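Below you'll find the structure, written out as structure tokens, and then a few comments.
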Amino acid sequence: MDAEKQQQEQRNQEKAIEAGAMGRVLNITNPNQQKLEQQQQQEAQQTEKQPNGDDVESTVKRRHATTVLEACIHLFKGSVGAGLFAMGDCFKNGGLIGSTLMLPIIAIMCVHCERLLINGSKVAVSKTPGAIFYDYPETVEKCFEYGPRPLRCMSRAMKLIVEMFLCVTQFGFCAIYFVFITENLYQVLQQNGIDISMSMVMLITLLPAMIPSLMTNLKYISPVSMVANFALLFGLIATLTIAFSEGPMPSISERSYFTGGTQLSLFFGTALFSYEGIALVLPLRNSMGEPAKFTHRFGVLNVTMFFITAIFIFTGFVSYLRWGDDVEGSITLNLEVEKVMSQVVKIIAALGVFFGYPIQFFVMMKIIWPPVKRGYSCAQKYPITMQVMLRFIMVMLTFGVALVVPQLSLFISLIGALCSTSLAFVIPVLIDFVTRTQEPKGLGTLIYLKNIAILIIALLGIVTGTYQSIVEIINQFKV
């Protein structure tokens, strides 16, 4: 029992150090300083008998704690990438009125489920002596571990499922980023007489992608994310300005108001892909100096998601209205490449997505690296060298997948329908069910019906969206 306690305390101490640095595994800490910090943590924990999740977090000295502004920047960039420029395709599949009504509903559901995830994490922390915080996979594991007895045996499996979905989702985001950058640069190079294949253009972008992939701290990624946000917003504003300047807008009556069946399935996948920040919610909240401000009524989560949704609706509405059924998977591809301004916009948009690569890559590596380090002696002996090699290998793998992607919009829909929907809706609701069943009258009728409704919507989206995306991708490969 004592050995078990010591092992748990050691894991928590390592977690506290990593929390402050958010994955800063390449840094070497002074042993004396580390020992002093551990003593401070133990003294702080002894001052309170049974602290809850928020109280425990306040006792930990955070190094490089993320500010509210930095958290907003990360969440904005984590949720706004290639999906922003796919909003035209999203509205084409959902219709002008249908998409305008459904996007806010999806956004509200996302925020609600993210709050369920955060609450589950706080419950898990409060029930684990000495715990400081948990990320998404650990939250799922602990909630099932402390849940009803028949479900406790599933705790490890649920953690592995979440880690797999997170890795697949973030890996897919990184691969799609490569495709987005390549397609835009390829058009510009072809227009300027540089006749090289799209594969060669992608290979050229591979080398610069190696550098930001080495960033292991959200504090240091923040300036890069800020540059990415400015580039994306400039690219978006310039694209929409060009769309308005190309002459009178077509009449709204010329566009579909609502859609159904196949198109609606693709809409759901693209919309869920665009709200791609679920994997960052707990890491961002845990890295903040004042975590309570993340879920405040006018805190990071609500305010950032409100602006993101407003931008999505405006972009999708204008893009579909202008280009109709000809709108591309990225609206920058609809710009006339012969014009110099259009070429500048394509390059800046590509740079914006490129600088967003580290934040997506960060989440994936945060999941992959710890088990690799524990499982291989060479990773423990040469942690810096092995992690650098692993990062380069993962960049190469995302590059390899991007090479075989036939169409950007279809892969966006596939990843959104299968993985993003599970992570954003299904898992948080399951966590809520598990935690509430342990409380007297915790699972009321209204809460039960609400959770069931979310699960039904999510499962319909997963089945129809995944099936239709796979069918369309197969058809593309046959062409």
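The values are calculated or read from the model by the stated rules, or taken from the named source; none is laboratory data. Source: prediction; values computed, not measured. Quick reminder, even Gly has a Cβ in these numbers, built from the backbone with ideal geometry, and neighbours come from all protein chains shown. What goes into the accessible areas is simple: the full protein's heavy atoms, side chains included, and nothing from ligands, DNA or RNA. Shrake-Rupley method; radii C 1.70, N 1.55, O 1.52, S 1.80 Å.
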For segment 182-192, Karplus-derived ³J(HN,Hα) couplings (6.51, -1.76, 1.60; θ = phi - 60°; whole Hz; x for glycine and proline) come out as 5, 4, 6, 5, 4, 4, 5, 5, 4, 5, 9
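Please identify the chymotrypsin sites (Phe, Trp or Tyr not before Pro) of segment 285-384 that satisfy two criteria: DSSP loop assignment and at most 16 other Cβ atoms within 10 Å. Which are they?
Details: sites: 294, 298, 306, 307, 312, 314, 317, 320, 323, 354, 355, 361, 362, 376; in loops: 298, 376.
Answer in residue order: 298, 376.
Restricting to Cα pairs below 8 Å that are 6+ residues apart, what does the relative contact order work out to for segment 373-479? Please round to a whole percent. Before the final figure, lay out the partial values.
Details: 54 pairs, mean separation 37.5, N = 107.
Contact order relative to length: 35 percent.
So if I average 1/r over every pair of distinct C-alpha atoms in segment 356-445 and take the inverse, what Kirkwood radius in Å does that give?
Details: mean 1/r = 0.0602 Å⁻¹.
Roughly 16.6 Å, rounded to one decimal.
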The long-range amide H neighbours of residue 66, using H built 1.01 Å from N in the peptide plane and a cut-off of under 5 Å, are 288, 289
Of 248-258, 111-121, ordering from highest average Cβ density within 10 Å down gives 111-121, 248-258
Rounded to the nearest Å, the spacing of the alpha-carbon centers of segment 92-117 and segment 363-404 is 34
Sorted largest first, the C-alpha extents of segment 116-262 along its principal axes in whole angstrom are 64, 46, 28
The rounded separation in angstrom of the Cα centers of segment 189-246 and segment 306-362 is 11
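Å³ per residue of the Cα convex hull, for segment 301-436?
On the way: hull volume 26.0 nm³, N = 136.
So the per-residue hull volume is 191 Å³.
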Too long for a 30 Å Cα-Cα cut-off, among 92/293; 293/366; 159/381; 366/450; 92/142; 293/381, are 92/293; 366/450; 92/142; 293/381
Answer in debye to the nearest 20: the dipole magnitude of segment 306-377 about its Cα centre, from +1 Lys/Arg and -1 Asp/Glu charges placed on Cβ, is 600
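For segment 275-349, what does the relative contact order come out to in percent, with C-alpha contacts under 8 Å and a separation of six or more? Let's see the in-between values first.
On the way: 22 pairs, mean separation 8.5, N = 75.
Taking the mean separation of contacting Cα pairs over the length of segment 275-349, I get 11 percent.
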If each part is reduced to its alpha-carbon centroid, segment 131-160 and segment 280-298 end up apart, in Å, by 21
Phi-derived 3J(HN,Hα) across segment 428-441 with the Karplus relation (6.51, -1.76, 1.60, θ = phi - 60°), rounded Hz, x for Gly and Pro, is x, 5, 4, 4, 5, 4, 5, 6, 6, 5, 8, 9, x, 6
Given a 1.4 Å probe, the accessible area of segment 147-297 per residue, as a whole number of Å², is 43
Taking N as the number of residues in segment 88-136, the ratio of its alpha carbon radius of gyration to 2.2 N^0.38 Å works out to 1.80
Residue 266 neighbourhood, Cβ < 15 Å, K/R = +1, D/E = -1, net charge -3
